[in-house]
1. Could you list, in sequence order, the residues of the stretch 355-387 that are surrounded by fewer than 14 Cβ atoms within 10 Å (Cβ to Cβ) and within 30 Å of the chain's Cα centre (by Cα)?
2. Just need a number here: residues in the stretch 332-348 that are crowded, with 23+ Cβ neighbours inside 10 Å and aromatic (Phe, Trp, Tyr).
3. Where the second residue is part of a strand (DSSP E or B) and the first is within 24 Å of residue 245 (Cα to Cα) and lies in the stretch 282-305, which pairs have Cβ atoms under 6 Å and are six or more apart or on separate chains?
4. For residue 493, indicate whether it is outside any helix (DSSP H, G or I), surrounded by fewer than 19 Cβ atoms within 10 Å (Cβ to Cβ) and at pLDDT 95 or above.
5. So, of the residues in the stretch 289-334 that are among the charged types (D, E, K, R) and assigned to a loop (DSSP other than H, G, I, E, B), which turns out to be farthest from residue 505 (Cα to Cα)?
6. Checking the condition in the same structural domain as residue 477 (by TED's automatic domain parsing) and not in a helix (DSSP H, G or I), which residue from 370, 364 passes?
7. Condition test on residue 443, is it at pLDDT 95 or above, on the phi < 0 side of the Ramachandran plot and either outside the structural domain of residue 310 (by TED's automatic domain parsing) or part of a helix (DSSP H, G or I) (or both)?
Amino acid sequence: MSPLKHNATSIAISLIIMSLSIQHPAHAEIVVTREGKLRSVAGKDPEVAVYRGIPFAAPPLGELRWRPPQPVTPWPDVRVANAFGAYCVGIKFGFIPPAGMNEDCLYLNVWAPAKTPARRLPVMVWIHGGGFQGGGGADPAFDGERLARQGLVVVTCNYRVGVFGFLAHPDLTRESDDHASGNYGLLDQVAVLKWVNRNAEAFGGDPANVTIAGESAGSYSVSALTASPLARGLFHRAIAQSGGYLSPKPGAMRTLEESEKVGVRLAQALGATGASGLRGKSADEVMGAAAKLGDFYAFQPGIDGRFLKEAVYATYAMGQQARVPLLLGSNTEEGAFLLPEQRPSAKEFQTLLATTYGAGASMVQDVYPVDTPANALRSELNLFADSAFTYPMWKWALMHGASGAPVYLYQFGRTLPPMPGQLYKGIARGQLGAFHGDEVAYAFGTLDSAFGALDQWSRKNRWERVDHDLSDAMVGYWSNFVKTGDPNGSGLPDWPRYELGSKHPLMRFHDRPRATPDDRTARMTLLDAAFTESRGAKIVPTSKTRR
């Protein structure tokens, strides 16, 4: 062979080897799922294998739009799981993956040990927030590598959101075998849990030890899953961070009839007739019509008769929820992101009280004073936080604890070190304490990637030693709970079970973890009376079914 041909052959062979090394790295793991083979990519730590963009249901396109999730078509070849799938079409905010948004969006992601473990590992399934209007499982805050290094298999997922996830309509109801429509996004979550049940062992996970976990809309989802007969037996513990349908406030969940009326309004805005007419519209047309309704939360979970037979609160009141160990809590300043751009006057604030507590508003006026500017701001923050987050989590802890299941309640209060000059709605960020969602990165151990992924200053300068220590502790507590149903473990301060009247019922994550009496109890008890007694709320199941 001539030197020229020899060199050309060598170069060609080198290029082939390089190509193979890029497509099939030496550290990659191949797992065999029920739907097909998957090849991993390495995490930052080569001991962790990452599988991105795994389809768990058929693309909900065409005739499958606004239907329950359908099975995946198996793939014959090895699928390289190296890219996150598209987010489901919804409101754009926060992190959006390179694949963007698409109706073809039913994908999940797995972080697991690269080597087959000696015994099956507990699985944590994380459900993202976003008000049921946007978001997805690829957010850097949800990177599961740190938790996987703790001995967990971590799953994050997408689910249909907004109008594509929660549209109810009389024609969709009529075509359903269950005479139900809406809640498609929640049915997607059930499909994820069924996927985990089928495939956890392939990743070293234990399908008999699954924890559902979520924040904001993900936490509301957790409460709905614990109440739904369709999810029963698919999980064994639950973590709920800032959100749940555990309020007796009338109308907290729409009935099917109420949800269908919203769907009829959408169809009229679209000029669509029947289910086929709705499915014939483009995603952009549907989103445009939904926006014209003028209600950001127009499409939400409801009592559809399939996923939920009655309101979540009613299920709990009857003691018929899944009686699994529960870790839950909220943040000190959840209400900050709900503050209106224009601060309300004292009179307008009284109107807000009446809207929230109805006839019970007079009972709680002293809890929310507006006599000084400082008190007014504090009362606004408390009102929004209490009604949407603090009270429902407190009530959830009480109602679930009454079933005999273990309950661990927390409050997160660490104020993130502010960015220079950082303001929020004209208020210095450092004055507003722990925001809605601030705790997520601490619990995942993703401070740098969650808050500083696009900000070099944050990665180098923002975090203090106390932040990393607090994150280490929360990673430990959360991991222990997923493993055993008890957050306590070696080297961590004791976290007692929640019991009303107990000396140390609440675990506070401020600058460090510590158990203290819950100083919110008197306020929560008063709000409870305002919600239930003065509003005359009654628990009337919409179905005689008993589970």
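The values are calculated or read from the model by the stated rules, or taken from the named source; none is laboratory data. In this text, all values refer to a predicted model and were calculated from it rather than measured experimentally. Please note: Cβ atoms are built from the backbone with ideal geometry, for glycine as well, and neighbour counts cover all protein chains shown.
1. Matches in the stretch 355-387: 355 only.
2. Qualifying residue count for the region: 0.
3. 302/254; 303/255
4. Details: outside any helix (DSSP H, G or I): yes; surrounded by fewer than 19 Cβ atoms within 10 Å (Cβ to Cβ): yes; at pLDDT 95 or above: yes.
Considered against the rule, which asks whether it is outside any helix (DSSP H, G or I), surrounded by fewer than 19 Cβ atoms within 10 Å (Cβ to Cβ) and at pLDDT 95 or above, residue 493 comes out as yes.
5. Keep residues of the stretch 289-334 that are among the charged types (D, E, K, R), which gives 292, 295, 304, 306, 309-310, 323, 333-334.
Then drop every residue that is not assigned to a loop (DSSP other than H, G, I, E, B), which leaves 295, 304, 306, 309-310, 323, 333.
Values: 295: 39, 304: 36, 306: 36, 309: 33, 310: 30, 323: 20, 333: 20 Å.
Step by step, filter the stretch 289-334, then rank; the result is 295.
6. Working: 364 fails: not in a helix (DSSP H, G or I).
So the residue among 370, 364 that is in the same structural domain as residue 477 (by TED's automatic domain parsing) and not in a helix (DSSP H, G or I) is 370.
7. On the way: at pLDDT 95 or above: yes; on the phi < 0 side of the Ramachandran plot: yes; either outside the structural domain of residue 310 (by TED's automatic domain parsing) or part of a helix (DSSP H, G or I) (or both): yes.
So residue 443 fits the description; yes.
Residue-by-condition table, conditions (1) within 20 Å of residue 260 (Cβ to Cβ); (2) assigned by TED's automatic domain parsing to the domain that holds residue 98; (3) under 19 Å from the mean Cα position of the chain (by Cα):
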site	(1), (2), (3)
138	no, yes, yes
145	no, yes, yes
163	yes, yes, yes
195	no, yes, yes
200	no, yes, no
204	no, yes, no
215	no, yes, yes
219	no, yes, yes
234	no, yes, yes
